[in-house]
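The values are calculated or read from the model by the stated rules, or taken from the named source; none is laboratory data. As the structure is a prediction and not an experimental result, all values here were calculated from the model. Don't worry about glycine lacking a Cβ; one is built from the backbone with ideal geometry, like all the others, and counts go over all protein chains shown.
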Amino acid sequence: MQNDFSEIYDLLYSLGVTANYTGFFHMASAIALCREQPGRLLLVTKCLYPEVAKQYNTNWKAVERNIRTAQFLCILVQSLDVGALETKKM
């Protein structure tokens, strides 16, 4: 199981999300759960978020918010990387 998480952590790091964000761990747990049972993706707010919340002793709304923050960070980092590449080309 730890090996699975190390792969997920590496993926998240490569996307620009670091362990400084709570969403990093929530997202890693959600990814691991979805790997085990992909059907969880069909009922994210009813199944996935509550299950992750239970692991971290919080509520599903906090999990959703933290994962959303991590997703935003991924998008931001990727867009900054693309912007830097375009600037170098000029």
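Tabulated values for the structure
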item	result
Qualifying residue in region 13-26 (condition: free of Cβ contacts under 8 Å to residues at least 12 places away in the same chain, under 22 Å from Val77 (Cα atoms) and assigned to a helix (DSSP H, G or I))	yes
Matching entry among Tyr56, Tyr13, Tyr49 (being surrounded by 11 or more Cβ atoms within 10 Å (Cβ to Cβ) and at pLDDT below 95)	Tyr13
Residues (buried (at least 18 other Cβ atoms within 10 Å of the Cβ) and farther than 13 Å from Gln71 by Cβ) located in region 29-39	Ser29
Residues satisfying the stated conditions in region 56-70, i.e. touching a helix residue (DSSP H, G or I) at 6+ places or on another chain (Cβ under 6 Å) and assigned to a helix (DSSP H, G or I)	Trp60, Val63, Glu64, Asn66, Ile67, Thr69, Ala70
